[in-house]
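K.L.:
Here it is: the structure, laid out below.
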Amino acid sequence: MTSEPEQQLGVGTPDAFQRLWTPHRMAYIQGESKPSGPGADDGCPFCSIPAKSDDDGLIVKRGEHVYAVLNLYPYNGGHLMTVPYRHVADYTDLTDVETAELAELTKQAMTALRAASGAHGFNIGMNQGSSAGAGIAAHLHQHIVPRWGGDTNFLPVIGHTRVLPQLLADTRKMLAEAWPTA
């Protein structure tokens with residue numbers, strides 16, 4: 001038995017699609033909290049996050065030169081970024097110590113994500129420059145996106161929508177507790 005699609009007045013042409021509203025994404029689309037310029041004092045969120053508490057800043061781990069933070073607009077649950085404290089745009093501008101700690105926190109993030117969520121694989125990378133897709137090109141950050149077998153389904157491909165099964169605060173707590181002590 002098939003039912004007729006529910007008529008949704010005022011939301012466009014009636015079709016068979018259901019709507020999954022994600023109004024929180026509008027802040028990202030409109031560029032909320034994006035820096036106004038390339039300098040550290042131009043509203044860079046990666047420069048202001050370390051001054052917040054771990055809970056408020058969604059910081060999972062603080063190192064000496066680099067910290068790990070949840071992405072506010074994640075591709076998947078547990079999507080982290082490793083970010084140097086120093087406001088630097090290009091990977092080649094990192095010091096050897098910063099490069100080593102960025103790599104070490106990335107390894108620790110993978111370990112924590114496997115322990116906490118059973119991630120099967122990862123997409124790891126950074127977009128260098130706005131033409132390469134960096135949302136905040138002025139401050140280097142590396143993405144660590146956990147992946148699971150079968151997690152690429154119709155919703156992101158057809159509906160350009162991702163379903164995240166956990167609140168960011170809960171994800172932060174879970175990963176912080178699973179972070180390796182090394």
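The values are calculated or read from the model by the stated rules, or taken from the named source; none is laboratory data. Treat the numbers as computed from the prediction; the structure is a model and nothing was measured. All Cβ positions, even for glycine, are placed from backbone atoms using ideal geometry, and neighbour counts span all protein chains on display. Calculation scope for accessible area: heavy atoms of the full protein, side chains included, ligands and nucleic acids excluded. Shrake-Rupley method; radii C 1.70, N 1.55, O 1.52, S 1.80 Å.
K.L.:
Residues in the range 55-66 that are more than 14 Å from His141 (Cα to Cα) and open to solvent by less than 60 Å² (accessible area, probe 1.4 Å): how many?
P.N.:
Matching residues across the range 55-66 total 4.
K.L.:
Just give me the residues in the range 94-127 being touching a Gly at 6+ places or on another chain (Cβ under 9 Å), open to solvent by less than 30 Å² (accessible area, probe 1.4 Å) and either β-branched (Val, Ile, Thr) or outside any helix (DSSP H, G or I) (or both), in sequence order.
P.N.:
If the condition is that a residue be touching a Gly at 6+ places or on another chain (Cβ under 9 Å), open to solvent by less than 30 Å² (accessible area, probe 1.4 Å) and either β-branched (Val, Ile, Thr) or outside any helix (DSSP H, G or I) (or both), then Ala119, Gly121 are the ones that fit.
K.L.:
Return the residues of the range 69-93 that are open to solvent by less than 20 Å² (accessible area, probe 1.4 Å) and either touching a residue at least 60 places away in the same chain (Cβ under 8 Å) or in a loop (DSSP other than H, G, I, E, B) (or both); say none if nothing qualifies.
P.N.:
Leu70, Asn71, Pro74, Gly78, His79, Leu80, Met81, Thr82, Val88 - these are the residues of the range 69-93 that are open to solvent by less than 20 Å² (accessible area, probe 1.4 Å) and either touching a residue at least 60 places away in the same chain (Cβ under 8 Å) or in a loop (DSSP other than H, G, I, E, B) (or both).
K.L.:
Which ones in the range 39-54 are within 23 Å of Asp170 (Cβ to Cβ), open to solvent by less than 70 Å² (accessible area, probe 1.4 Å) and in a loop (DSSP other than H, G, I, E, B)?
P.N.:
Of everything in the range 39-54, just one residue is within 23 Å of Asp170 (Cβ to Cβ), open to solvent by less than 70 Å² (accessible area, probe 1.4 Å) and in a loop (DSSP other than H, G, I, E, B), namely Ser53.
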